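As structure tokens, the structure follows; a few thoughts come after it.
Derivation of every value follows stated rules applied to the coordinates shown; laboratory data play no part. Predicted model, so just to flag it, every value in this text is computed and none were measured. Here the Cβ positions follow ideal geometry from the backbone for every residue, glycine too, while neighbour counts run over all protein chains shown.
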């Protein structure tokens, strides 16, 4: 299964690059992830629990980074074993490009599964993989740049009954990763 997409993130390429190599950010962004350890040079180990159709499994796997072009591109490869449920392996080529609004993040993902998971059929697996990729990159974008505009605008409604005028501070919200490195 293969897929690709592009995201425009309202943050400098250096911030996006630092976030994509940070194990705490990865843990927060990977759906179902309970643990990420390791580092950029040696690779990461992760534990992820997911339910795909009727099959629920905890995958333990390794993630390695290769073909690193500092601040611009990285190839992420991983393989996880889910015991009797089977295995999942794949990779992503992630590229960063500076744009006036911040950073354009492009990715191409390839994933394969085996064991009981493979018996579910390609339609279920492809839909699940697309959902997981979308959720990861949505969480990643929020972690780096903060909540989307509709969430930032909500405090205006809440501020109507609040004489303290807290909406100015809420409009300045940043993603947790951006606050961490600022």
Label-point separation in nm, residue 99 to residue 12, each point 7 Å along Cα→Cβ: 2.0 nm
For peptides 100-106, 88-94, 132-138, sequence by mean Cβ density within 10 Å, most packed first: 88-94, 132-138, 100-106
For the range 2-145, alpha-carbon Rg and Dmax in angstrom: 15.0, 48
Full-extension gain in nm, residue 70 to residue 58, via 0.36 nm per residue minus C-alpha separation: 1.1 nm
Exposure proxy ranking, count of Cβ atoms within 10 Å, fewest first, for 126, 41: 41, 126
Length-normalised contact order of the range 1-79 in % [C-alpha pairs under 8 Å, at least 6 apart]: 19 percent
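Can you bin the range 57-110 into rounded, prolate or oblate? Criterion: square roots of the alpha carbon gyration tensor eigenvalues sorted a ≥ b ≥ c, rounded for a/c under 1.5, prolate for a/b above b/c, oblate for the rest.
Judged from the Cα gyration tensor, the range 57-110 comes out prolate (a/c at least 1.5, a/b above b/c).
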